[in-house]
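K.L.:
The structure under discussion is supplied below as structure tokens; questions concerning it will follow.
Since every read-out is calculated from the coordinates, none of them should be taken as a lab result. Just so it is clear, the structure is predicted and the values come from calculations on it, not from any experiment. Note: ideal-geometry Cβ built from the backbone for every residue, glycine included; neighbour counts use all protein chains shown.
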Amino acid sequence: MAVKKVVKKKSAPKKKVVRKSASKKKVARKSVKRASPRVSKSSGSNVVKPTGRRMNLVTRNLLLFVILGLISWFLSAVSGTMEYQQFFLFLSFILGAIALAFLVSLLVLVFLRVLRKR
């Protein structure tokens, strides 16, 4: 009896289908220099224009530091121990100095606005 050997042919490995995605090109964006809003383009000098936004910001900060300074001063008068009194009094002086700086900047902006309208 002759036995026939069945030899299976090795099939070639299946090729994976790879789809090419869209080319990944990096698009270089142009950098645009933005002009500062406080520099006047018509004149060559750097003049600060008192806009309403700056006035609102300075006014809001002035009121905030005045209120915080008053609260701190009130707490220094009410507190019982000497350490708390000194701490709150020192804090009220610091907050008052910051409020004074905002007051000066507000006056400067008002003065610039008056001169600009002339």
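K.L.:
Does ILE71 satisfy the condition of being in a helix (DSSP H, G or I), free of Cβ contacts under 8 Å to residues at least 12 places away in the same chain and not small (Gly, Ala, Ser)?
P.N.:
On the way: in a helix (DSSP H, G or I): yes; free of Cβ contacts under 8 Å to residues at least 12 places away in the same chain: yes; not small (Gly, Ala, Ser): yes.
Answer is yes for this residue.
K.L.:
Any residue in region 87-103 that is surrounded by fewer than 15 Cβ atoms within 10 Å (Cβ to Cβ) sitting within a Cβ distance under 9 Å of a residue that is outside any helix (DSSP H, G or I)? List the pairs, counting only those 6 or more apart or interchain.
P.N.:
Short answer, once both residue conditions are applied: none.
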